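Let me begin by presenting the structure, written as structure tokens, before commenting on it.
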Amino acid sequence: MHHMANNAFASIRDFEDLLDYLRDREAGSAVLSSTRFCEILGIDTELLADLAKVPGSAAGPVSAWEGAQCFIRGTLRVLHAASDLNGDIERTVFWFRNEPLVPFGQETAERLVAKGRVDDVIRYVMSLDAGVVG
């Protein structure tokens, strides 16, 4: 059962598919497409700019913003770790955006990544895997 009818997931079965989908063909494979990232997360570029702490004055496509690339990469690291646990990338994205994490004062993984706490979230996910929490 799916939480959202997000067509972006039609061709995405796992994390590798997700990475492939996000690579920006025009800008080169090292750049991740912020447009497709927003599509996957079900957010708009304004929210991405906010999460990635991109200044409102920043010009050019969102993909070009270093902060956006940094936030996208951090998000992907967390999604990769978490998708290894439940195997379903769509559910993982839903968890990332919506699930309040008790050890972090009910903040979502998304908000924690925005605060630069990628490694803390990954450690938390790994501890779930090890059955330490929950």
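Distance between the modelled labels on residue 14 and residue 127, one decimal in nanometres: 2.8 nm (7 Å Cα→Cβ projection).
Largest first, the extents of the alpha carbon coordinates of the range 80-134 on the three principal axes equal 25, 24, 17 Å.
Rg over Rh of the range 7-129, using C-alpha atoms and the Kirkwood radius, what does it come to? Taking Rh as the inverse mean 1/r over Cα pairs, Rg/Rh reads 0.95.
In terms of the mean number of neighbouring beta-carbon atoms within 10 Å, the peptides 74-83, 91-100 order highest first as 74-83, 91-100. A simple spin-label model places pseudo-atoms 7 Å from Cα toward Cβ; at residue 115 and residue 85 they are separated by 1.8 nm.
Taken together, the values in this text are just the output of simple stated rules run on the coordinates, not laboratory data. Everything quoted here is computed from the prediction, not taken from an experiment. Every residue, glycine among them, receives a Cβ derived from its backbone with ideal geometry; neighbour counts consider all protein chains shown.
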